[in-house]
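Structure first, commentary second.
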Amino acid sequence: MKNTKNKQCLVWSTVFVMGAFLISLLTGRETGFTMIRGEPLADYEINLNATNAPTSSVEYISTSQVVRYTTFDYTDAMASSGNHVEIGPWGYIANSLTSPITSITGVTATFLTEGVVTLYASYDNYNWFDYTLTTGVRFELPFLPYYISFNSDGTGSVTYTSIEITYSCNPHETSLDLYRVYWYDEDNTLLEVDYDVVPGTMPSYDGPMPTKPHEEGIFYAFNGWSYELLPVGENAFYLASYTEVTLTFSLIESNSAYELTSVSDSSIQGFSIPSIYNGLPVTSIGVEAFVNFVNLSYIEIPTSVTTINDAAFGACSSLKSITLPESIDTVSPFAFASCDSLITIHVDAANVTYASVDGVLFSKDLSEIVYYPYGHGTTYSIPSGTTTILEFAFAGSALNSVVIPSSVTTIQSNAFVANRSLDNLVIPDTVTTLGSGVFANCSSLSSVSLPSGLTSIPSSLFYGCASLTTILLPGTITTIGNQAFQGCSSMVSIDLPSGLTSIGNSAFDGCTLLGNITLPSGLITLGTRAFAACNTMTTMTIPASIATIGTYAFIDCASLTAISVDASNTNYSSLDGVLYNKDQSTLIAYPRGKVAIDFIIPSTVSTLALNAFRNNTHLTNVYIPTSVTTIESNAFYGCTNLSIYAAASEALPGWHSTWNPVNAPVTWNSVF
């Protein structure tokens, strides 16, 4: 919006004299002006005419210099005590204790005997009023060295008593499309000013936490602002408000200190934790003390506190930064869990346990990265020299890319757990130790390069990595831990190294796209549910080396049609694609995808194992010979199209009460 309407000319008031510097004035000349309350902000041309200047060159004042002013309604000001503005690049604002104007620029004009300089009084980018006026804001044009300088040789002040300076002013076109937002504390202390705010912008306070001192037994929390935050349409003012809260403490450390365990109002926006309660220091922030305080944007931790426990600030989704005082020596890995907006963790330089590097929490010697704030950024390069990534260091962060330097040797358990945007990662060969669950539930992770000397895939290493399609296992791998690849539902293939001896429980459970794989000839142990629900797998061959196959190793593999066993195996055997123990006295697993309609259980079988025929809906008729004396629970679970023909006249004592959970029709005393 342009303001070109004629305005009342600036009204000059009394002379303002600084120090001993003297100016001779024309009769009626005035050196200050008053902006009348209620007028819109505008720019004014101020023309200064100098005559009878000394004959030598004189630095006068900058051309196109800016004189700043504002029009806010304030009261009870003392016109003589402030609110003046000085012109020139060295100007200062209001009383001499306030900040200098740093944005004024211009070139000096040189006058010999006379001349004219035009100045502009315009909207200020600074808050430079200390007092308030009922009739407007009064400014004075001072006469000081550097501003109107009568220093002919630059060595000192030269007083001229014959210079005549006159003023005139006219409206000047200006743009009035920006506003200010003022934030005040409860006691009217100015906390922050936001300048040049575009209309329609939602106000946002970025200053220090407003605080109200606690009283004996009474605690105050910052509770937002006294007016509703609305899109800016004019200059706006907000006043901090507070609420009284009840705190709960527990005695700790042999009754020598307190732990803050809860705060009564979860809607608060800021809180300063007391350092003393009932005469004893507050040294600990308890488990979940501020959990789910979703509006909490500010927290002050006193130097009495040494410990921050699990989820102390869990799910404080508005918390953007936090400062750890020098006293903190223990921060739980879950202290800031699910703090989605947390960008920066500051650490007092005197702290001997922790340090902050660009807002990321490290050990004091910078060898260990402790915690990467969730909102810190989507890409990160771990500094060279870091040797250890601690447990949960990157848990739940928004990272999609991270670079691990060759200085790192250890990545502890769950270090990157639930990083749902991380899509690829190269682990350097220097890493010799990987903890369990390091990449668990990294649902976007599609590829990982593992260190070449790794000997074990830890438990749950890639649990729930639903986007992981393939992975190259180093040839040095000998064991795959429990649930190592469970839920990797996009994995289509994997080559198992020849030296592999053990596959843990549920290692590939739920890898629904995993096709046929070859078990190495030296494999000894296959854990419970090792390949459960691998729905794309059609065949499986058990090598001679296998000594143990856990329960349900191939359960719910919907397409599995046959399990074969190397004839040299001394513990297991197969017949027509069905898995048995070596002497075929126990039928272990009838493949779910086997399409035969009729099946006669061999007469060598005495036991049908747990879930032996689970979910095979192709079977129509099963014949149970008299040799079968034990049927374990749920042997025919999910066999919804089944009819059973039993040689026995009734269920035998060794048949579990849930041997026939689908209530398939049974024909007793059958001959087959």
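The values are calculated or read from the model by the stated rules, or taken from the named source; none is laboratory data. Treat the numbers as computed from the prediction; the structure is a model and nothing was measured. We place every Cβ from the backbone using ideal geometry, glycine too, and count neighbours over all the protein chains shown. Just so you know, the surface numbers come from the protein's heavy atoms only, side chains and all, with ligands and any DNA or RNA stripped out. Shrake-Rupley method; radii C 1.70, N 1.55, O 1.52, S 1.80 Å.
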Sole exception among (1) in contact (Cβ under 8 Å) with a residue 24 or more places away in the chain; (2) open to solvent by 30 Å² or more (accessible area, probe 1.4 Å) for ILE285, by number: (2)
Could you please find all residues in segment 288-309 being open to solvent by 50 Å² or more (accessible area, probe 1.4 Å) and under 18 Å from GLU253 (Cα atoms)? THR303
So in segment 589-608, with the set limited to residues that are more than 49 Å from the chain's Cα centre (by Cα) and among the hydrophobic types (A, V, I, L, M, F, W, C), which one is farthest from THR570 (Cα to Cα)? ILE597
Could you go through segment 349-357 and let me know if any residue there is hydroxyl-bearing (Ser, Thr, Tyr), part of a strand (DSSP E or B), open to solvent by 40 Å² or more (accessible area, probe 1.4 Å) and in contact (Cβ under 8 Å) with a residue 40 or more places away in the chain. no
Answer from TYR372, TYR277 - the residue that is of a type in the set (Ser, Thr, Tyr) and under 30 Å from SER406 (Cβ atoms): TYR372
Checking ILE480, ILE427 in turn, the sole residue that is crowded, with 21+ Cβ neighbours inside 10 Å and β-branched (Val, Ile, Thr) turns out to be ILE480
Determine whether segment 562-572 contains at least one residue that is closer than 23 Å to PHE508 by Cα, open to solvent by 30 Å² or more (accessible area, probe 1.4 Å) and among the charged types (D, E, K, R). yes
Do you know which residues across segment 632-652 are among the acidic types (Asp, Glu) and under 20 Å from ASN615 (Cα atoms)? GLU632
Qualifying residue in segment 481-489 (condition: in a strand (DSSP E or B) and under 24 Å from VAL431 (Cα atoms)): no
Qualifying strands (runs of 3 or more DSSP E) (wholly inside segment 197-279; at least 3 residues being at pLDDT 95 or above and aliphatic (A, V, I, L, M)): 247-252, 257-263
Considering segment 502-524, residues that are of a type in the set (Val, Ile, Thr) and open to solvent by 50 Å² or more (accessible area, probe 1.4 Å), and then whichever is farthest from the chain's Cα centre (by Cα), we arrive at ILE524
